[in-house]
Amino acid sequence: MTLPTITATRYVLPLREGGSLPGVVEGNDLGTYVIKFHGAGQGPKALVAEIIVGELFRRLGLRVPELKLIQLDPAIGKSEPDFEIQELLIRSAGLNLAVDFLPGSFGYDGSAGNPGDQAMARILWLDAFVANVDRSWRNTNLLVWHKNLWLIDHGAALYFHHSWMPAEKFATLPYDASDHVFSIATPDVPGVDAELAAAITPELLTEVIGLVPNEWLEDGDRERYLDYLTARLDKRSAWLPGGAR
Ligand SMILES: Nc1ncnc2c1ncn2[C@@H]1O[C@H](COP(=O)(O)OP(=O)(O)O)[C@@H](O)[C@H]1O
Ligand SMILES: [Mg+2]
């Protein structure tokens with residue numbers, strides 16, 4: 001199985017809220033997408049994390065905007081006056097990540113209430129599992145769209161791949177939940193542990209890792225992602241907020 005591949009036909013505008021300067025583009029399928037560039041600060045590994053984490057969360061029933069691969073010809077941005085954006089487009093020629101654009105969505109800030117204990121517990125459990133440090137109050141990376149909560153921006157998760165620290169170290173790496181947007185609501189994280197741990201099978205992990213294009217991987221990386229995530233799943237008592245039951 002692979003993600004669909006489209007081609008960017010028009011650069012619409014930069015999204016300046018994010019640190020990685022993603023942009024809005026139109027695709028040759030007439031869709032509108034947020035494009036996340038392989039030439040941005042963290043490089044293609046951020047896009048690898050977006051795919052593995054986003055597609056895992058989606059398969060576990062969370063809402064994640066559809067992901068596609070997108071071919072970029074930097075010439076589509078030639079009328080963009082900003083030098084920084086021109087540079088980013090040129091560095092990002094070729095394959096990038098397209099995230100379905102949710103028009104009229106707004107950033108979650110808690111003002112319209114929370115999504116319920118079960119949903120908050122599952123999101124916190126999963127963010128701890130993939131070591132996602134980007135879900136704080138300052139920057140929730142949650143969008144509200146048609147009254148539902150959508151999860152975006154998983155590029156900072158799986159950060160072990162920047163150094164490939166030993167898998168045993170990542171397996172037991174604690175997660176600082178105090179900064180997480182839902183920690184203050186103290187959802188029952190141990191209460192969702194059995195369900196989520198059972199659902200994350202080696203087959204499911206292999207499937208989502210298999211969606212990453214070869215262009216962004218070194219030899220052996222797929223096996224490494226599987227090993228690291230499997231090891232962490234086995235050592236839940238070390239990192240689970242609230243402890244495993
Ligand atoms: N699919 C989307 N639909 C609508 N807005 C989006 C979408 N993805 C991102 N955004 C907006 O763009 C901002 C930056 O995107 P994000 O993926 O968080 O990038 P960064 O890695 O730079 O933080 C988000 O905070 C949000 O406001
Ligand atoms: Mg962000």
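Of the residues in the stretch 228-237, none is among the β-branched types (V, I, T) and open to solvent by less than 30 Å² (accessible area, probe 1.4 Å).
Comparison of L151, L124, L97, L88 shows that the only residue that is modelled with pLDDT of 95 or more and touching a Lys or Arg at 6+ places or on another chain (Cβ under 6 Å) is L97.
Restricting the stretch 124-142 to residues that are more than 10 Å from V181 (Cα to Cα) and of a type in the set (V, I, T), the residue that is nearest to ligand 2 (Cβ to nearest atom) is V133.
Scanning the stretch 15-50 for residues that are hydrophobic (A, V, I, L, M, F, W, C) and within 13 Å of ligand 1 (Cβ to nearest atom) yields L15, L21, V24, V25, V34, I35, F37, A40, A46, L47, A49. Right, N114: touching a residue at least 60 places away in the same chain (Cβ under 8 Å), under 15 Å from R10 (Cα atoms) and touching a Phe, Trp or Tyr at 6+ places or on another chain (Cβ under 8 Å) or not? Against the criterion (touching a residue at least 60 places away in the same chain (Cβ under 8 Å), under 15 Å from R10 (Cα atoms) and touching a Phe, Trp or Tyr at 6+ places or on another chain (Cβ under 8 Å)), N114 does not qualify. You will find that of W145, W150, the residue that is free of Cβ contacts under 8 Å to residues at least 60 places away in the same chain, of a type in the set (A, V, I, L, M, F, W, C) and within 16 Å of ligand 2 (Cβ to nearest atom) is W145 and no other. Taking residues in the stretch 199-227 that are over 15 Å from E50 (Cα atoms), and partners anywhere that are part of a helix (DSSP H, G or I) and open to solvent by 40 Å² or more (accessible area, probe 1.4 Å), not one pair has Cβ atoms closer than 6 Å while being at least 6 places apart or on different chains. Annotation: K68 fulfils all but one of (1) over 29 Å from L196 (Cβ atoms); (2) in a strand (DSSP E or B); (3) more than 16 Å from ligand 2 (Cβ to nearest atom); the unmet one is (1). All but one of (1) touching an Asp or Glu at 6+ places or on another chain (Cβ under 6 Å); (2) aliphatic (A, V, I, L, M); (3) part of a helix (DSSP H, G or I) hold for L229; state the number of the condition that does not hold. If we test L229 against (1) touching an Asp or Glu at 6+ places or on another chain (Cβ under 6 Å); (2) aliphatic (A, V, I, L, M); (3) part of a helix (DSSP H, G or I), just (1) comes out false.
Here are some residues: D82, D117. Which one is in the same structural domain as K36 (by TED's automatic domain parsing), over 17 Å from the mean Cα position of the chain (by Cα) and either within 16 Å of ligand 2 (Cβ to nearest atom) or of a type outside the set (S, T, N, Q) (or both)?
Result of the check over D82, D117: D82.
Looking at the structure I just gave you, is L196 open to solvent by less than 50 Å² (accessible area, probe 1.4 Å), in contact with a helix residue (DSSP H, G or I) (Cβ under 7 Å, 6 or more places away or on another chain) and over 16 Å from M1 (Cβ atoms)? Yes, satisfied. Listed here are the strands (runs of 3 or more DSSP E) enclosed by the stretch 72-176 that have at least 1 residues being more than 11 Å from ligand 1 (Cβ to nearest atom) and open to solvent by less than 20 Å² (accessible area, probe 1.4 Å): 94-100.
Of everything in the stretch 211-225 that's surrounded by fewer than 15 Cβ atoms within 10 Å (Cβ to Cβ) and of a type outside the set (D, E), which residue is farthest from V130 (Cα to Cα)? Looking at residues that are surrounded by fewer than 15 Cβ atoms within 10 Å (Cβ to Cβ) and of a type outside the set (D, E), I get N214.
The values are calculated or read from the model by the stated rules, or taken from the named source; none is laboratory data. This one's a predicted model, so the numbers in the text were calculated from it and none came from an experiment. Reconstructed Cβ throughout: ideal geometry from the backbone, glycine too, with neighbour counts over all protein chains shown. For accessibility, only protein heavy atoms count, side chains too; no ligands or nucleic acids. Shrake-Rupley method; radii C 1.70, N 1.55, O 1.52, S 1.80 Å.
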